[in-house]
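See structure below.
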Amino acid sequence: SDGSIRLHQMTSEYPLMQWNDSTNGQAVIALQWAVTRPSVFFVLDATSNIYIWDLLENDLLPVVKQTIPSETVVAMALLGEAAKSSGSLGIVLAKECGQIDIQYVKKKWALP
């Protein structure tokens, strides 16, 4: 609820990494790992901002922040196939009005 994100290992109760206030204090609505690239994850906050984290590029801050204008995004899911080397990765965004958007991310965050 405070925008903190923690990365845990299954064998420990203590986080390996913790990013406090990673969304400027906004609640995290969804967090999803990229199915095609294990070092990348996506975060949706309560004000419809999407943050892309690539831990190989920067493990302190997100590499991209994108605001979805004009409508509140209430859910997020990722599309892609880990077994394929095409590097196609999409984000499905469900908006408050019932509209669904699919956006594809740059290859650099999708390639295995």
Practice problem: Inspect segment 13-32 for any residue being within 13 Å of the chain's Cα centre (by Cα) and touching a residue at least 60 places away in the same chain (Cβ under 8 Å) and give the result as yes or no. | Solution: no
Exercise. List the number of the failed condition for Thr72; all other conditions in (1) closer than 27 Å to Leu111 by Cβ; (2) hydroxyl-bearing (Ser, Thr, Tyr); (3) open to solvent by 20 Å² or more (accessible area, probe 1.4 Å) hold.
Key: (1)
Quiz item: Given (1) surrounded by 15 or more Cβ atoms within 10 Å (Cβ to Cβ); (2) small (Gly, Ala, Ser); (3) assigned to a strand (DSSP E or B), where does Ser22 come up short, assuming only one miss?
Solution: (3)
Practice problem: Sort out which residues of segment 74-107 are of a type in the set (D, E, K, R), within 17 Å of the chain's Cα centre (by Cα) and modelled with pLDDT under 80, and write them in order of number. | Solution: Glu81
Quiz item: Can we say Thr36 is out of contact with any Phe, Trp or Tyr (no Cβ under 8 Å at 6 or more places or on another chain), touching a residue at least 60 places away in the same chain (Cβ under 8 Å) and closer than 20 Å to Lys106 by Cα?
Solution: yes
Quiz item: Any chance segment 40-56 includes a residue that's open to solvent by less than 70 Å² (accessible area, probe 1.4 Å), touching a Phe, Trp or Tyr at 6+ places or on another chain (Cβ under 6 Å) and small (Gly, Ala, Ser)?
Solution: no
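The values are calculated or read from the model by the stated rules, or taken from the named source; none is laboratory data. What you see is a predicted model, and the numbers here were worked out from it, not measured in a lab. Using ideal geometry, Cβ is built from the backbone for each residue, glycine included, and neighbour counts are taken over all protein chains shown. Accessible surface areas use protein heavy atoms only, side chains included; no ligands, DNA or RNA. Shrake-Rupley method; radii C 1.70, N 1.55, O 1.52, S 1.80 Å.
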